[in-house]
Each structure stands twice: as C-alpha cells, then as structure tokens.
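J.: To start, I am sharing the structure in question, which I have written as structure tokens.
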Amino acid sequence: MPVNLANGTPLSWDAPELDADTKAMLDNLQPNILQAHVREHLSVLLIGFGDGADGKRFLRGLVPLMKSARKHLEETRAFNATKAPGTPYVGVGISKLGYLKLGHSTAKFTDDAFKSGLKRRKDTLNDPPVSAWEEPYRKEIHAVVLIGDATEAPVAATRERVLALLPATATVVAEETGRGLRNAQGNGIEHFGYIDGRSQPLFLADQVAAEPGRNWTPFFPLSHVLVEDPLAPRPARHMGTYLVYRKLEQNVRAFRQAEEDLADALGLTGADRALAGAMLVGRFRNGTPLRLHGKPSSDGHPVQNDFSYRDDPDGAKCPFSSHIRKTNPRDSRDGGLERLLGVMMARRGQTYGTRTDRPWDEAPPRTRPTGGVGLLFMAFNSSLQAQFEFTQQSWSDNAGFPAEGTGHDPVIGQGPRDGKVTFPKAWGNAQQGAPQPQAPQTVTMKGGEYFFMPSLAYLKSL
Ligand code: HEM
C-alpha cells in the first residue's frame with residue numbers, strides 16, 4: 001500500500017500493523033523532519049563540489065554517520081523514558097546546482113522554486129541583491145550538512161569526521177555555528193528575547209496525543225512535509241523534503257527601540273510596556289499568547305498554543321499585523337482556507353552569534369547588538385512555493401493581508417513600509433487607536449539556499 005501522505009489521522013509510527021511502504025519510508029527518511037531533533041549545538045557546513053564523482057562518494061560516505069527518522073523517534077522515546085542520550089543528528093541537503101554537479105537531472109523535482117534556487121527568487125521574496133549577501137553565500141552552494149546535538153563535544157567530533165570525508169576537489173563554501181539561546185527559565189528563545197519554536201505542525205500520533213487542542217488543531221497530514229524522492233530507487237516509499245535555509249541577521253537594538261517607541265506612542269507605563277513588543281510578535285517574551293492574555297501569565301509554563309483568532313475578528317486582542325498572526329492565521333479566515341492550501345511548514349531553525357547581555361531582560365536598547373546575531377532560519381516544506389514563499393510574500397511582506405492597512409509583518413516583513421498601522425486602544429478593546437508608524441525592518445537576509453533532503457536510499461545508491 002503506498003504511503004498515505006494525505007491521511008487525516010496522525011501517523012502511529014510504531015504500530016506493528018504499519019504497511020511495508022510506510023515502514024520503508026521511516027527507515028529511509030532523514031530525521032528532524034517529522035520531529036525536531038535536538039540541535040542546541042549545530043554546525044552548518046555549506047559545500048561546493050568541484051567534481052561530481054567525488055561529490056557522490058562524499059555523500060555516500062556520510063550514510064554511516066546518519067540515522068533514519070525511525071531511529072530518531074526510538075531514541076527520543078528512550079530519552080523521555082530514561083534520559084538515555086541519543087546519537088548526533090547528521091542531515092544532508094542538495095541544491096539544484098548540486099544535483100546538476102552530481103550529474104543528475106532535476107526534471108522530476110516538483111518544486112519550481114527549488115529548481116530556480118534562492119538567488120533567483122530574490123524579487124519574489126523582496127530579498128537584498130545577491131551582491132549584498134555575505135561573500136561566501138554569493139558563490140554556488142551544492143550541499144548542506146547539518147550536525148546537531150545537545151552538547152558541543154559530539155558535534156565537534158562529528159564535524160571532524162564529516163570534514164575528513166571531504167574530497168580535495170570539494171570546499172566548505174560557508175560555515176555557520178548555531179547555538180541555542182535560553183532565557184532565565186531555560187526556555188529556547190530568539191535574539192529579540194521571545195520564546196520561539198513553540199507552534200509547530202504535528203504529524204505523529206504520540207505528538208498529537210501530548211498536545212490536545214480544542215481551539216487549534218496542531219495535527220497536519222504528512223503531505224505538508226513529505227514528497228517522493230524522485231531519484232531514489234523506489235520514490236513511492238523513499239521520501240524527502242525541501243529545506244529553506246536563510247541566514248537572517250537581527251538588529252536587536254533597533255527592534256528593542258521599536259518596542260520602546262511603540263510603548264511611548266501607546267502611552268504604556270510600567271509593566272504594561274511589555275504589551276508593545278507583544279503586539280509586534282503576538283506573544284509576550286515568555287510565550288504567553290496575546291490572543292489569550294493581556295499580561296504575561298506568571299511563568300509561561302506550559303507555553304499555551306491552543307487558540308485561534310476566530311473569536312478575535314477585529315484584532316482587539318492580537319493585532320492582525322503581529323508576526324504570529326500574519327504567519328499563521330490559524331484557520332480564522334474563509335473557513336480555514338490556509339489549512340486547505342497547506343501553508344504550515346515545519347520550522348527547524350537555530351539562533352547564531354554570541355552576546356554578553358541577557359536577551360530576555362529589560363536593559364535599554366543601546367546595550368543591545370546591532371548585528372552579528374540572528375536566526376539560521378530553516379523549515380521543511382513539501383512545496384517551497386506554497387509554504388515558505390507564500391508565507392513570506394503573500395502574508396508577511398503584504399501590507400494588505402489579512403485586511404487593507406494591516407501593514408508588514410514587523411518581525412520579518414521585507415520592503416518599504418510607507419503606511420501607518422493601528423493597534424487596539426487597550427487589550428480587548430475593538431476600538432483602534434491613532435495610526436502609528438510601522439516598526440522599521442530589523443531583520444536582514446544575509447544569504448541562503450533551497451535544498452532537497454533526499455532519502456537515505458538515494459544516498460546509499462550513489
Ligand atoms: C513563530 C520569531 C522568522 C514563521 C514565531 C515566534 C517567534 C518568532 C518569537 C513565536 C513562537 C512560536 O509560536 O513558535 C521569529 C524571528 C524571525 C522569524 C525573530 C527572524 C529572525 C520567521 C520566518 C518565517 C516565520 C522567516 C516564515 C516565513 C513563523 C511561523 C510561526 C512563527 C509560521 C508560528 C506561528 C503560529 O503558528 O502561531 N517566530 N521568526 N518566522 N514564525 Fe517566526
């Protein structure tokens with residue numbers, strides 16, 4: 001029976017009655033796709049091949065360092081039961097130019113954005129010209145190797161093993177080091193200081209059981225992330241996914257200043273000033289959703305995710321323009337059209353850059369970094385066009401979404417911001433206050449690429 005990607009129920013990955021194709025899919029799928037892999041420490045190697053045959057040997061040589069999605073899920077279960085540590089994550093993606101260098105045709109790949117490559121999508125995405133990207137990213141990138149684990153030592157050791165396999169004809173074009181950032185409570189945050197990575201599409205029965213939702217259903221069918229690997233021996237059971245990788249630099253000082261300016265403009269004082277930043281993000285720094293609370297709930301544990309905007313039609317609680325409402329309208333519009341369109345992607349990014357200040361505290365903007373820190377944004381998609389690009393272009397960069405006058409996404413919106421935006425007069429008040437200038441752009445794309453994460457069966461076949 002072919003793998004049922006459109007299955008309306010979550011996958012019981014360990015069920016004994018699972019059909020042979022689905023079992024084979026799990027044994028050949030890379031980890032970190034269906035379930036996030038720990039990657040507190042992350043090494044990202046962006047590689048250029050000089051010779052196709054050498055490139056193939058290198059990729060084949062990585063297989064013993066890799067594990068399957070099933071192995072990862074088993075390791076996660078063991079860790080949850082006994083705290084037994086798992087093995088490092090090694091993931092591999094190949095760009096369109098990479099496949100061509102290896103001597104493959106990309107004709108059978110379904111995604112046109114992938115077949116263009118990120119550099120040629122800059123107009124769609126409002127990205128800076130390639131000449132303004134960081135120098136290494138202007139070059140051809142053929143593959144990415146992701147190495148992640150909970151601690152530094154296994155990542156460093158695995159990185160050495162990967163580099164030892166690299167043929168003389170290949171080069172590391174660019175390298176990034178991701179490092180989890182945590183707040184005082186130990187929750188993962190991004191550089192503006194907000195808890196990140198909370199809201200994700202869930203695909204597996206055990207994930208969904210752990211997060212029952214009455215207002216928001218986090219379950220999504222496998223078709224959101226999986227596609228046949230067209231170059232694998234048996235594409236119908238050997239699956240992969242498209243990866244968008246973008247280095248997004250964050251000007252923390254400018255964002256913190258925008259929060260202060262908005263708080264002043266809205267007349268917020270004392271502890272209420274935190275509302276300004278929450279209106280830009282849609283959550284308070286500790287993750288409390290603005291849709292549910294007008295103040296940060298005491299400790300943010302557990303970070304709530306069971307909400308929709310259906311009962312906040314005027315943006316009285318969570319402004320339409322906030323980052324999380326722009327990037328996930330949560331089935332609130334047109335009977336949940338965006339769920340049918342399949343926009344939700346699996347985000348798997350990691351923060352980069354070190355800093356000496358405490359990102360979560362109230363220290364003034366002038367003490368914050370203006371660059372050198374940010375997010376290595378990564379997300380898995382079954383269609384880069386219908387998911388990542390659609391979110392960035394049609395929602396975040398579109399000042400008219402979901403309604404005229406909404407403004408750009410204040411976190412990631414790209415492009416000129418002429419119009420003004422309004423915010424509720426008070427939390428829960430449908431009346432909008434005086435129009436305010438939009439927050440300036442504080443996130444800058446520094447380089448990246450689109451990749452396909454092939455099946456292990458493909459890598460073994462090289
Ligand atoms: C959620 C920050 C880039 C899409 C979030 C959250 C934060 C955040 C703090 C709330 C945590 C959560 O609900 O999981 C950032 C920062 C970015 C960035 C600082 C860049 C430096 C992006 C990009 C996209 C994106 C490039 C897609 C084009 C989303 C989505 C959610 C989210 C879909 C979940 C919304 C929901 O389901 O409620 N982001 N983000 N983000 N972000 Fe971003």
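The values are calculated or read from the model by the stated rules, or taken from the named source; none is laboratory data. Keep in mind the model is a prediction, meaning the values are calculated, not measured. Here Cβ is always computed from backbone atoms with ideal geometry, including for glycine, and neighbour counts include all displayed protein chains. The accessibility values were calculated without ligands, DNA or RNA, using every heavy atom of the protein model including side chains. Shrake-Rupley method; radii C 1.70, N 1.55, O 1.52, S 1.80 Å.
J.: Working out 0.36 nm times the residue gap between ALA434 and SER394, then minus their Cα-Cα distance, what length gain in nm do you get to one decimal?
T.: That works out to 11.8 nm of additional length.
J.: Then there is this: Could you give the distance between the Cα centres of the range 165-234 and the range 81-128, to the whole Å?
T.: If we compute the Cα centre of each part, the gap is 14 Å.
J.: I would also like to ask the following. Can you bin the range 188-262 into rounded, prolate or oblate? Criterion: square roots of the alpha carbon gyration tensor eigenvalues sorted a ≥ b ≥ c, rounded for a/c under 1.5, prolate for a/b above b/c, oblate for the rest.
T.: Since a/c reaches 1.5 but b/c is at least a/b, the shape of the range 188-262 is classed as oblate.
J.: Between VAL63 and ASN7, what's the calculated FRET efficiency when r is the beta-carbon distance and R0 is 35 Å? Round to 0.05.
T.: Working from the Cβ atoms, E equals 0.75.
J.: Express the accessible area of the range 317-462 per residue in Å², computed with a 1.4 Å probe while the remaining protein chains stay in the model.
T.: Per residue, the range 317-462 has 38 Å² of solvent-accessible surface.
J.: What does the C-alpha gyration tensor say about the overall shape of the range 310-462? Classify as rounded when a/c is under 1.5, otherwise prolate if a/b is larger than b/c, or oblate.
T.: oblate
J.: Something else now. Rank by packing, highest mean first: peptides 279-289, 425-435, with packing defined as the count of other Cβ atoms within 10 Å averaged across residues.
T.: My ranking of the peptides, most packed first, is 279-289, 425-435.
J.: Counting only the heavy atoms of the protein chains, how much of TRP360 is accessible to a 1.4 Å probe, in Å² to the nearest 10?
T.: Number for this one is 80 Å².
J.: Report the full-extension gain for the segment ARG214 to ASP357: residue separation times 0.36 nm, less the Cα-Cα distance, to one decimal in nm.
T.: 47.6 nm
J.: Rolling a 1.4 angstrom probe over the protein chains, ignoring ligands and nucleic acids, what is the accessible area of ILE147 in square angstrom, nearest 10?
T.: 0
J.: Continuing with this model, one more query. In whole Å and largest first, what semi-axes does the C-alpha gyration tensor of the range 34-87 yield when each eigenvalue is scaled by 5 and square-rooted?
T.: 30, 13, 8
J.: What figure in square angstrom, to the nearest 10, would you give for the accessible area of SER12 with a 1.4 Å probe?
T.: Only protein atoms counted, so the area is about 50 Å².
J.: Related question: How do LYS101, LYS67 stack up against each other in accessible area, from largest to smallest, with a 1.4 angstrom probe?
T.: From most exposed to least exposed: LYS101, LYS67.
J.: Compute the length gained on full extension between ARG120 and ALA157: take 0.36 nm times their separation in residues and subtract their Cα-Cα distance, giving the result in nm to one decimal.
T.: Here the answer is 9.8 nm.
J.: Under the rule of -39500 (n - 2.57) per DSSP H run of 4 or more residues, summed and divided by the residues of the chain, what mean residue ellipticity at 222 nm is obtained, to the nearest 500 deg cm²/dmol?
T.: That calculation yields -6000 deg cm²/dmol at 222 nm.
J.: May I pose another question? Which of rounded, prolate, oblate describes the range 50-199, given a ≥ b ≥ c as roots of the alpha-carbon gyration tensor eigenvalues and a/c under 1.5 marking rounded, otherwise prolate only if a/b is larger than b/c?
T.: Here the range 50-199 falls in the oblate category.
J.: At 1.4 Å probe radius, can you tell me the per residue accessible area of the range 205-258 in Å²?
T.: It amounts to 36 Å² per residue over the range 205-258.
J.: Measure off, as a whole percent, the carbon and sulfur share of the 1.4 Å-probe accessible area of the range 116-263, all protein chains present.
T.: 49
J.: Next question, about the same structure. What does the convex hull of the Cα atoms of the range 1-122 come to per residue, in Å³, rounded to a whole number?
T.: Cα-based convex hull of the range 1-122, divided per residue, equals 166 Å³.
J.: Further question: Can you list which of the DSSP-assigned H helices in the chain have a Cα extent of 15 Å or more along the long axis and an average Kyte-Doolittle score of at least -1.0?
T.: Correct list, ordered by number: 52-62, 152-165, 252-265.
J.: Give me the compactness ratio for the range 56-96, meaning the Cα radius of gyration over 2.2 N^0.38 Å.
T.: Dividing the Cα radius of gyration by 2.2 N^0.38 Å gives 1.44.
J.: Right, another one. Which whole number in µm²/s is D for the range 169-212 by Stokes-Einstein, with the Kirkwood Rh taken over Cα pairs at 4 °C and 1.567 mPa s?
T.: Translational diffusion coefficient: 94 µm²/s.
J.: Also, I was wondering about something else. Taking just the C-alpha trace of the chain, give me its Rg and Dmax in Å.
T.: When restricted to Cα atoms, the chain yields Rg and Dmax of 21.8, 65 Å.
J.: In debye, nearest 20, what is the charge dipole magnitude of the chain about its Cα centre with +1 on Lys and Arg Cβ and -1 on Asp and Glu Cβ, if you could check?
T.: Charge dipole, the chain, about its Cα centre: 520 debye, nearest 20.
J.: Next question, about the same structure. For the range 1-48 and the range 370-384, compute the distance between their C-alpha centroids and round to whole Å.
T.: Using only Cα atoms, the two centres lie 21 Å from each other.
J.: Taking Cα atoms of the range 310-366, Rg/Rh with Kirkwood Rh, to two decimals?
T.: 1.14
J.: Projected onto the charge dipole of the chain (+1 at Lys/Arg Cβ, -1 at Asp/Glu Cβ, origin at the Cα centre), which of PRO313, HIS41, VAL421 gives the Cα projection farthest towards the positive end?
T.: HIS41
J.: For ASP306 and ALA168, what does the FRET efficiency come to when R0 = 56 Å and r is the distance between their Cβ atoms, rounded to the nearest 0.05?
T.: My answer for the efficiency is 0.55.
J.: Here's something else I'd like to know. Past the 15 angstrom mark, what percentage of all C-alpha to C-alpha distances in the range 130-230 do you count?
T.: When all Cα pairs of the range 130-230 are counted, 78 percent exceed 15 Å.
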